[in-house]
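Colleague: This is the structure, below, for whatever I ask next.
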Amino acid sequence: MNIYHGELRARQRRVDAGREARVAAGAYDGVPNVQQLLAGRDVLVTGGSGFLGRVLLEKLLRSCPDIGTVFLLLRAKRGVPPEERVAGIVNVPLFDQLRREQPTAISKLVPVAGDCAELGLGLSPEDRAMLQDRVFIVFHGAASVRFDDPVRKAVLLNTRGAREVAALCAGMRQLQSLVYISTAYTNTNLRRIEERLYPTELDWRTVISAVENADTANTMDLLGHKLIGFHPNTYTFSKALAEQVMADAAATLPVVIVRPSIVVGAVKEPLPGWLDNLNSPASMWAAVNMGVLRVSKLSKKDALLDWMPVDIVTKATVVTAWASATKQLESDGTTVPVVNAALSDVHPVSDACCLAIYKEVQRSVPFSSAIRYPVFAQYNNWLQYAAIHLVYHLMFGLFVDGLLRLSGQKPRLMKVYRKIASATVALQPITDKVFTFETYKFWDLQRLMHPDDVKTFEFDLDSLEPRKDALNQLIGIWHYVLKGKLDKERGLRHIDRLFWMEIGFYVSLVAILIYLYLPI
């Protein structure tokens, strides 16, 4: 890790030197910083109710106090007033600091009834005209992130939705930047992924037309993985097509694409470890600490996972919008600027590293609702893994579900194991490969950053500490996602009790076997 961190520090020094040189050359003369750029200006955010979207909303409001209206494209809900829809997004601890420091800021969030899965985004003519008259910057992050969506559903929301957003933006009189939030894994057939667009095997127009046609839509779903080709799931397939939609729209629109890798909880702001769901690695950490997951199949030993804290992705997204709007990050007229928001070349995460860190911090955040003492191991040998998986997962799951049935409750543990297995299969094409992400523009954003924005939007990558960050992730999972109370002593008493109960079970089992097969 020291080798990687040495490279990180060296890059940071080059970034600082480059920014100082730009200041000396007068590159920022007359160029507004992020706060000045957005002062009194309106923005549109799609996907604002999602994990990344919420953090983006909070950052915009807290760090740009003079921002105009922040419009949220939200699906209409009958009988639910707009204020309640916004309240459902912001009434979480993520916005506590904003509420303390700027009590009226949340009033700038204005919902607009719409749906990215609908033609015309489901907007009323009045709302469409209003957005096209007022919006200055668009952040398009709405997407279905489920890996098992049928082709039709994924394409309608992720691909056609991008087309409809581009069509809306085409009529915006003040638009200065359209930031499309994609994923770093749109081209998993490659080992080195550059900051550029790659051609897709199918034309996005053809695919959209096929899923819109009632006669061919079902066929598209039935073809499934045969249709998506090298893509591991319909999510990356539909997002890759959406990038091509944006590439075509860039002929007339100021499009820029941000490709984050695996987004995890916040590392620093506004809350270290902030999470609001159990997607991505968070589900594994939660399952392990609950005592549900005890063993996993080790991916390739040289595989390095790319985890990006959500607050760093958010800062990169905002700075990308600023750099595009102020012409600091421009297209050459033939290509769309693409920013790979990735860290594996300077801050990699391996399975072995995860296991080592977990063993260090496991008892620091004990879950008082764990069902079994948390233990975790990884095996590279399939036979060894299968045997332990059978005993520790399948047999345990059947036993617990049997007890639940006897007590009149609904069995649920085997369902959890099926979900874990499904997620493992879906992620295997990614975890079993060694990807190298080109990140020149990601680092260049930091060099281009306005000096006045450094304090507020600095990526601060050299402050990453694996053990501390992992500890914050566990706290975030327990406190923010599972809504558990932070009580270490109570949690330790609970899991230690589980430990001795399990030891007692094994001792009793051995005694019974000895009694049955070795009678005295």
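Colleague: Based on the inverse mean of 1/r over its pairs of different Cα atoms, what is the Kirkwood hydrodynamic radius of the stretch 180-228, in Å?
Modeller: By the Kirkwood definition, the hydrodynamic radius is 12.8 Å.
Colleague: Sort 499-509, 388-398 for me by packing, meaning the mean count of neighbouring Cβ atoms within 10 Å per residue, highest on top. It would help to have the intermediate numbers written out before the result.
Modeller: On the way: 499-509: 10.8, 388-398: 15.5.
Packing order, densest peptide first, comes out as 388-398, 499-509.
Colleague: Search the structure for amide H atoms under 5 Å from the amide H of residue 341, placed 1.01 Å from N in the peptide plane, and list their residues when 5 or more places away or on another chain.
Modeller: For residue 341, the qualifying residues are 259, 261.
Colleague: Can you divide the C-alpha Rg of the stretch 22-180 by 2.2 N^0.38 Å and report the result to two decimal places? Write down the numbers at each step before the final one.
Modeller: Numbers: Rg = 16.6 Å, N = 159, 2.2 N^0.38 = 15.1 Å.
So the Cα radius of gyration is 1.10 times the expected 2.2 N^0.38 Å.
Colleague: Heavy-atom accessible area per residue, the chain, 1.4 Å probe: how many Å²?
Modeller: 46 Å²
Colleague: Further question on the same structure: In the set (i) 24.8; (ii) 24.1; (iii) 27.7, which value of Kirkwood radius over Cα pairs in Å was calculated from the structure you see?
Modeller: Correct label is (i).
Colleague: Along the three principal axes, how long is the stretch 402-519 when you take its alpha carbons, biggest first, rounded to the nearest angstrom?
Modeller: Principal extents (Cα only, largest first): 79, 38, 33 Å.
Colleague: Still on this model: Sort 112-120, 239-247 by the packing proxy (mean of other Cβ within 10 Å over each peptide's residues), most packed first. Kindly include the intermediate steps, with their values, before the conclusion.
Modeller: On the way: 112-120: 18.1, 239-247: 24.6.
The most tightly packed comes first, giving 239-247, 112-120.
Colleague: Using +1 at the C-beta of Lys and Arg and -1 at the C-beta of Asp and Glu, which of 409, 288, 177 has the Cα lying farthest in the positive direction of the dipole of the chain?
Modeller: Comparing the listed Cα positions along the dipole, 409 ranks first.
Colleague: Of the options 72, 94, 35, report the single residue whose Cα projects farthest towards the positive end of the charge dipole of the stretch 7-121 (beta-carbon charges: Lys, Arg +1; Asp, Glu -1).
Modeller: Going by the charge dipole, the pick is 94.
Colleague: Considering only protein heavy atoms and a probe of 1.4 Å, how much of the accessible area of the stretch 105-232 is carbon and sulfur, as a whole percent? Walk me through the intermediate numbers first.
Modeller: Details: 2930 of 5640 Å².
Carbon and sulfur atoms account for 52 percent of the accessible area of the stretch 105-232.
Colleague: Then there is this: Karplus couplings for the stretch 53-65 from phi (6.51 cos²θ - 1.76 cosθ + 1.60, θ = phi - 60°), rounded to Hz, Gly and Pro as x?
Modeller: x, 4, 5, 5, 4, 4, 5, 4, 6, 6, 8, 10, x
Colleague: Okay, moving on. I'd like the distance between the alpha-carbon centres of the stretch 376-448 and the stretch 52-122, rounded to an integer number of Å.
Modeller: Using only Cα atoms to place each centre, the spacing works out to 33 Å.
Colleague: Based on the alpha carbons, how large is the Rg to Rh ratio for the stretch 203-251 when Rh follows Kirkwood? Could the numbers behind the result be given before it?
Modeller: Working: Rg = 11.4 Å, Rh = 11.5 Å.
We get a ratio of 1.00 for the stretch 203-251.
Colleague: For the stretch 153-251, what does the relative contact order come out to in percent, with C-alpha contacts under 8 Å and a separation of six or more? Walk me through the numbers before you get to the answer.
Modeller: Numbers: 79 pairs, mean separation 48.1, N = 99.
Relative contact order here is 49 percent.
Colleague: A further question on this structure: Which far-off residues, 5 or more places away or on another chain, put their amide H under 5 Å from the one on residue 304, with H placed in the peptide plane?
Modeller: The answer is 435.
Colleague: OK, next. Less than 11 Å Cβ to Cβ from residue 309, Lys/Arg counted +1 and Asp/Glu -1: what total charge do the surrounding residues give?
Modeller: Values: positive: 268, 315; negative: 269, 311, 460, 469.
Every neighbour counted, the sum reads -2.
Colleague: May I pose another question? Order 515, 180, most accessible first, counting only protein heavy atoms with a 1.4 angstrom probe.
Modeller: 515, 180
Colleague: Here's something else I'd like to know. Determine the share of the stretch 388-520's accessible area contributed by carbon and sulfur atoms, expressed in whole percent, with a 1.4 angstrom probe. Please report the intermediate quantities before stating the final value.
Modeller: Numbers: 5550 of 8460 Å².
Answer for the stretch 388-520: carbon and sulfur cover 66 percent of the accessible area.
Colleague: Further, regarding this structure: How about the stretch 325-419: which trypsin sites (Lys or Arg not before Pro) there are in a DSSP loop, with at most 12 other Cβ atoms within 10 Å of their Cβ? Write down the numbers at each step before the final one.
Modeller: Details: sites: 327, 359, 363, 372, 405, 412, 415, 418, 419; in loops: 327, 372, 412.
Loop-located and lightly packed - 327, 412.
Colleague: Counting only residues 5 or more places away or on other chains, whose amide H sits under 5 Å from the amide H of residue 112 once H atoms are built in the peptide plane?
Modeller: Long-range HN contacts for residue 112: 72, 73, 74.
Colleague: Another question, if that's okay. Calculate one ³J(HN,Hα) per residue across the stretch 92-104 by plugging θ = phi - 60° into the Karplus curve 6.51 cos²θ - 1.76 cosθ + 1.60, and present them in order as whole Hz with x for glycine and proline.
Modeller: Residue by residue, the stretch 92-104 yields 9, x, 3, 9, 4, 4, 4, 5, 6, 7, 9, x, 9 Hz.
Colleague: How long is the gain from residue 215 to residue 502 if the chain were fully straight, where each residue apart is worth 0.36 nm and the alpha carbon distance is subtracted? Before the final figure, lay out the partial values.
Modeller: Numbers: separation 287, 0.36 × 287 = 103.32 nm, distance 5.65 nm.
Contour length minus the Cα-Cα distance gives 97.7 nm.
Colleague: Shifting gears a bit: Straight distance only, please: which lysines reach the Cα of residue 77 with their own Cα at less than 25 Å, same-chain residues fewer than 8 apart left out?
Modeller: 108, 153
Colleague: Which parts of the stretch 166-197 would a label at residue 426 reach, counting a residue when its backbone N lies under 19 Å from a point 7 Å out along Cα-to-Cβ?
Modeller: Inside the label zone: 182-189.
Colleague: How large is ³J(HN,Hα), in whole Hz, for each residue of the stretch 209-219 in order, when computed from phi with the Karplus curve 6.51 cos²θ - 1.76 cosθ + 1.60 and θ = phi - 60°, using x for Gly and Pro?
Modeller: Calculated HN-Hα couplings, in order: 4, 5, 6, 7, 7, 4, 6, 10, 4, 5, 5 Hz.
Colleague: Sort the stretch 376-416 into rounded, prolate or oblate with this rule: let a ≥ b ≥ c be the square roots of the eigenvalues of the Cα gyration tensor; rounded if a/c is under 1.5, and if a/c is not under 1.5, prolate when a/b is larger than b/c, oblate otherwise. If you can, show how the numbers build up before the last one.
Modeller: Values: a/c = 4.05, a/b = 3.20, b/c = 1.26.
Verdict is prolate for the stretch 376-416.
Colleague: Here's another thing I want to ask about it. Give the lysines reachable from residue 485 as a straight Cα distance under 27 Å; neighbours fewer than 8 places away on the same chain don't count.
Modeller: The qualifying lysines are 59, 268, 359, 410, 415, 419, 468.
Colleague: Also, I was wondering about something else. Enter the per residue convex hull volume of the stretch 440-498, computed from alpha-carbon coordinates, in Å³ rounded to the nearest integer.
Modeller: On the way: hull volume 8.4 nm³, N = 59.
Hull volume normalised by residue count: 142 Å³.
Colleague: Quick check: net charge around residue 94, other residues with Cβ under 11 Å of its Cβ, Lys/Arg +1 and Asp/Glu -1? It would help to have the intermediate numbers written out before the result.
Modeller: Values: positive: 54, 59, 62, 99; negative: 58, 96, 269, 276, 311.
It works out to a net charge of -1.
Colleague: In the neighborhood of residue 110, defined by Cβ-to-Cβ distances under 11 Å, what is the net charge if each Lys or Arg adds +1 and each Asp or Glu adds -1? Kindly include the intermediate steps, with their values, before the conclusion.
Modeller: On the way: positive: 85, 108, 134; negative: 42, 83, 127.
Counting the neighbours of residue 110, the net charge comes to 0.
Colleague: What's the ranking of 487-498, 141-152 by average number of surrounding C-beta atoms within 10 Å, highest first?
Modeller: Working: 487-498: 14.2, 141-152: 19.3.
Output ranking for 487-498, 141-152: 141-152, 487-498.
The values are calculated or read from the model by the stated rules, or taken from the named source; none is laboratory data. What you see is a predicted model; the values in this text were computed from it and never measured. Quick reminder, even Gly has a Cβ in these numbers, built from the backbone with ideal geometry, and neighbours come from all protein chains shown. Protein only, heavy atoms only, side chains kept; ligands, DNA and RNA dropped before computing areas. Shrake-Rupley method; radii C 1.70, N 1.55, O 1.52, S 1.80 Å.
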